[in-house]
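The values are calculated or read from the model by the stated rules, or taken from the named source; none is laboratory data. Just so it is clear, the model here is predicted, and its values are computed rather than measured. For neighbour counting, all protein chains shown are included, and Cβ atoms are generated from backbone atoms with ideal geometry for every residue, glycine included.
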Amino acid sequence: MSAAALAAAVSATVLPASAAPAPEGPAAATAGAPAADARPGWALKATGSDARFRGLAAVSRTTAWLAGSKGTVLRTADGGRTWRDVSPPGAAAEALEFRDVEAFDGRRAVVLAIGEGEASRVLRTEDGGATWTESFRNTDARAFYDCLTFFDPRHGLAMSDPVDGRFRILSTADGGRSWRVLPDTGMPAALPGEAGFAASGQCLVSAGPKDVWLATGGGAQARVLHSRDRGLNWEVAATTIPAGEGAKGVFALAFRDRGQGLAVGGDYRKDQASPLASAVTGDGGRSWRASAVPPAAYRSGVAWLPYTRAAALAVGPTGTDITRDAGRTWQPLDAGSFDTVDCSRSGACWAAGEKGRAARLE
């Protein structure tokens, strides 16, 4: 199925595959559209790894990168039939926790390792992972980096939990070859206990050449910070997603443009309910409203589906949900466990998670 046909199938999905009846007869298919019973679903791709992959970069239908626990980085160039272990040398021995990967194509990628002090690092490859260069190692014991994002192949940011009461932003203008800490004069004060969640590589996301958003939790409010100038100055808005405890807040963001955005999260603890796990904005994050029908449980990753006007996917340990009305209502799509989801500009969607799980939307 082509990317456009898959997008049409996703847009038409209202109920989970097990609940929606399939039409019969000639009307079941139309020219240029998939058959009505060709509903989207995840096709698992065996990785041969037991790492937990919270970092994911969907380049195309054939190419994707995974970054996860035990210093593991994998890459496929054949649609997930085979995966090449391209982990940086020594990363497994140091048990680095890779939580984000941003890939420009099948050869160039940047990965982020999280943790306190020197555990937070950024590495870059230009040859498909055959060799890696460490371009940043955190030397401030107070900093803990969570997520990466790139505006284009040159300009990108990384974010750390608050240092001296404000989130710290790291910037690159050369594709991740070098980094500098931005001044925090334009950053609002963090709330007590407020931090980011390194759950899916989506606590820091961008759209267009200069707009970037940062998701928070752990404080009295679950908030989203927005910068229009690549991280120099920020505005902040509270969301409707519950907070107030260290396990609650906004875990992932997705913006399809400067205005329309989605936030998902909740409470990641297995024994806790997440009744208000998603929110939407139409004004670039200045205000947020709760989804009328949110996902039924905590969700850690979210992605817009290209070639559609209002379709998106949200994933978490208890399954995948789909929206076709820009996040106002969500319906279950799949019960498998995933931590993160990403869709390429060409329309290919991938998901990844615990125990080496990886899948492509078919």
In the stretch 161-214, residue nearest to D267 (Cα to Cα) [restricted to those that are in a loop (DSSP other than H, G, I, E, B) and of a type in the set (F, W, Y)]: F197
Condition check for T320: among the polar types (S, T, N, Q) and either at pLDDT 95 or above or surrounded by 24 or more Cβ atoms within 10 Å (Cβ to Cβ) (or both): yes
Single residue of D50, D100, D78 found to be part of a strand (DSSP E or B), acidic (D, E) and within 23 Å of A351 (Cβ to Cβ): D100
Odd one out for K70 among (1) under 18 Å from the mean Cα position of the chain (by Cα); (2) farther than 23 Å from G156 by Cβ: (1)
The stretch 148-160, subset touching a residue at least 60 places away in the same chain (Cβ under 8 Å) and assigned to a strand (DSSP E or B), residue nearest to S200 (Cα to Cα): T149
Test: residue in the stretch 280-287 that is at pLDDT 95 or above, part of a loop (DSSP other than H, G, I, E, B), over 19 Å from Q202 (Cβ atoms) and hydroxyl-bearing (S, T, Y): yes
Any hit, the stretch 128-137, residues being surrounded by 16 or more Cβ atoms within 10 Å (Cβ to Cβ) and either within 19 Å of the chain's Cα centre (by Cα) or assigned to a strand (DSSP E or B) (or both): yes
Residue check for S337: in contact (Cβ under 8 Å) with a residue 24 or more places away in the chain, surrounded by fewer than 19 Cβ atoms within 10 Å (Cβ to Cβ) and assigned to a loop (DSSP other than H, G, I, E, B): no
Matching entry among W132, W83 (being closer than 16 Å to A358 by Cβ and at pLDDT 95 or above): W83
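Yes/no per residue for (1) buried (at least 24 other Cβ atoms within 10 Å of the Cβ); (2) among the aromatic types (F, W, Y); (3) at pLDDT 95 or above; (4) within 21 Å of E194 (Cα to Cα):
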{"residue": "A220", "(1), (2), (3), (4)": "no, no, yes, yes"}
{"residue": "A247", "(1), (2), (3), (4)": "no, no, yes, yes"}
{"residue": "F255", "(1), (2), (3), (4)": "no, yes, yes, no"}
{"residue": "A263", "(1), (2), (3), (4)": "yes, no, yes, yes"}
Qualifying residue in the stretch 349-362 (condition: assigned to a strand (DSSP E or B), surrounded by fewer than 24 Cβ atoms within 10 Å (Cβ to Cβ) and of a type in the set (D, E)): no
Filter result for the condition that a residue is on the phi > 0 side of the Ramachandran plot, assigned to a loop (DSSP other than H, G, I, E, B) and over 16 Å from the mean Cα position of the chain (by Cα), over A326, A310, A273: A326
Extreme residue, surrounded by the fewest Cβ atoms within 10 Å (Cβ to Cβ), among residues of the stretch 191-218 that are over 16 Å from A243 (Cα atoms) and over 12 Å from the mean Cα position of the chain (by Cα): P209
Within the stretch 228-246, tally of residues that are assigned to a strand (DSSP E or B) and closer than 17 Å to S287 by Cβ: 4
Residue count for the stretch 93-106, restricted to those that are aliphatic (A, V, I, L, M) and touching a Ser or Thr at 6+ places or on another chain (Cβ under 7 Å): 0
